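Colleague: Structure provided below as structure tokens; questions to follow.
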Amino acid sequence: MAAVGRLTQKLLKSVTLTQTRQLSAAAAAHGEQAAKTWKILSFVVALPGVAVCMLNMYLRAQQHQHEQPEFIPYSHLRIRSKRFPWGDGTKSLFHNPHVNALPDGYEHHDE
């Protein structure tokens, strides 16, 4: 009786190993196909999509008006309770004179 149990266990192990090897080979073939599919999708869909987005933003930047918006001295904006520790103390660290206003208005540069 014990011999039959050992024989059955050996047969089950050999069948399981064979099935596992077949499944791993099928998974490897499927993995190669999936990688090929994603590579093709990257070149055919993703890269042209990025190029179209870049073209769209470039064309919108060309149409953009480069004028300063009107300065409205709101009391709750540009409050300076303490001077900045750099420069003259009124400009923020990333100050852009064309876009960022000071508390008393935009800087006027004659160009």
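Colleague: Starting from 0.36 nm per residue, how many nanometres of slack lie between Ala29 and Asn100 once their C-alpha separation is accounted for?
Modeller: Values: separation 71, 0.36 × 71 = 25.56 nm, distance 5.85 nm.
Using 0.36 nm per residue and subtracting the Cα-Cα distance, I get 19.7 nm.
Colleague: Which order results if Lys82, Lys39 are arranged by neighbouring Cβ count within 10 Å, fewest first? List each step's numbers first, then the result.
Modeller: Working: Lys82 7, Lys39 10.
In increasing order of surrounding Cβ atoms, one gets Lys82, Lys39.
Colleague: Next question, about the same structure. Please arrange His108, His95 by how many other C-beta atoms lie within 10 Å of their C-beta, fewest to most. Walk me through the intermediate numbers first.
Modeller: Details: His108 8, His95 15.
Ranked by crowding around the Cβ, least crowded first: His108, His95.
Colleague: At a 10 Å Cβ-Cβ cut-off, how would you order Glu107, Glu67, Glu32, fewest neighbours first? Could the numbers behind the result be given before it?
Modeller: Details: Glu107 14, Glu67 7, Glu32 10.
Ranking Glu107, Glu67, Glu32 by Cβ neighbours within 10 Å, fewest first, gives Glu67, Glu32, Glu107.
Quick note: the coordinates plus some simple rules give every number you see, no bench work behind them. Just so it is clear, the structure is predicted and the values come from calculations on it, not from any experiment. All Cβ positions, even for glycine, are placed from backbone atoms using ideal geometry, and neighbour counts span all protein chains on display.
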